[in-house]
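To keep things clear, I will list the structure first and then write my remarks on it.
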Amino acid sequence: MRQSLSILSTATSVVALLGSLMLAPATVAAAEEAKAPSVVEQGKQLAFNNKKGNCLACHQIEGGDLPGNVGPPLVAMQARFPDKAQLRAQIWDSTKMNPSSIMPPFGRHKVLSEAEIDKVVEFIYTL
C-alpha cells in the first residue's frame, strides 16, 4: 500500500513538473511580447523614420522634431477620416483622391510594404 502511495505521489510530482515546464515557454514568449513595441509604436517609428514613412518631412505631428509645413498638420485624424480604410487609401496613393497631390504614393511606389502601411495607419489614426 505504501509503495502504491509512493508511486502515485511520484507520478503526481512528475505531472506537475511537466505541466510547469510546458508553461515556461509561454511565459517567456509573453515576456518577450510585452517588450516588443505595440503596432501603434511601430507605426510611429515608421512615420518618423526619414528612410521610410518620413511623414515629418511634410506634416506637423505631435512629438515630432523639425516638422514640415507642405502638408496639413496630422491632428484629429479620426474626425477627418471616420473610415480608417479611407486614411489607408490616402497613404497608399493620395493621387487617387487628388491627382495634383504631392504626397508620395507610398503603396503604389512600394516605399512601404502593406504591413508597414497598416502600422502607419494605426499610428496616424491615434492623432
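The values are calculated or read from the model by the stated rules, or taken from the named source; none is laboratory data. This is a predicted model, so every value here is computed, not measured. Cβ coordinates were reconstructed from backbone atoms using ideal geometry, including for glycine residues, and neighbour counts include every protein chain displayed.
Any residue at all in region 29-42 that is of a type in the set (A, V, I, L, M) and at pLDDT 95 or above? Among the residues of region 29-42, at least one is of a type in the set (A, V, I, L, M) and at pLDDT 95 or above, which makes the answer yes. Report, by residue number, each residue of region 46-77 that is free of Cβ contacts under 8 Å to residues at least 40 places away in the same chain and part of a helix (DSSP H, G or I). Answer for region 46-77, where residues must be free of Cβ contacts under 8 Å to residues at least 40 places away in the same chain and part of a helix (DSSP H, G or I): PHE48, LEU56, ALA57. When the residues of region 50-73 are filtered to those that are surrounded by 15 or more Cβ atoms within 10 Å (Cβ to Cβ) and within 19 Å of the chain's Cα centre (by Cα), the one that is farthest from SER94 (Cα to Cα) is GLY64. Within region 62-83, the set of residues being of a type in the set (Val, Ile, Thr) and either modelled with pLDDT under 95 or not assigned by TED's automatic domain parsing to the domain that holds MET103 (or both) comprises just one member, VAL70. Of the residues in region 71-123, how many are touching a His at 6+ places or on another chain (Cβ under 9 Å) and under 20 Å from GLU41 (Cα atoms)? Residues in region 71-123 being touching a His at 6+ places or on another chain (Cβ under 9 Å) and under 20 Å from GLU41 (Cα atoms): 2 in total. In region 89-105, the residues that are within 19 Å of GLU122 (Cβ to Cβ) form Cβ pairs under 8 Å with partners that are aromatic (Phe, Trp, Tyr), at six or more places apart or across chains, as follows: GLN90/PHE81; ILE91/PHE106; TRP92/PHE106; ASP93/PHE106.
For region 103-116, the condition holds for at least one residue, the condition being that it is touching a Gly at 6+ places or on another chain (Cβ under 9 Å) and of a type in the set (Val, Ile, Thr). Within region 74-127, which residues are exposed (fewer than 12 other Cβ atoms within 10 Å of the Cβ), within 20 Å of the chain's Cα centre (by Cα) and among the hydrophobic types (A, V, I, L, M, F, W, C)? Matches in region 74-127: ALA76, ALA85, ALA115.
Which residues, taken from region 87-125, are out of contact with any helix residue (DSSP H, G or I) (no Cβ under 9 Å at 6 or more places or on another chain) and not in a loop (DSSP other than H, G, I, E, B)? Correct list: SER94, THR95, ALA115.
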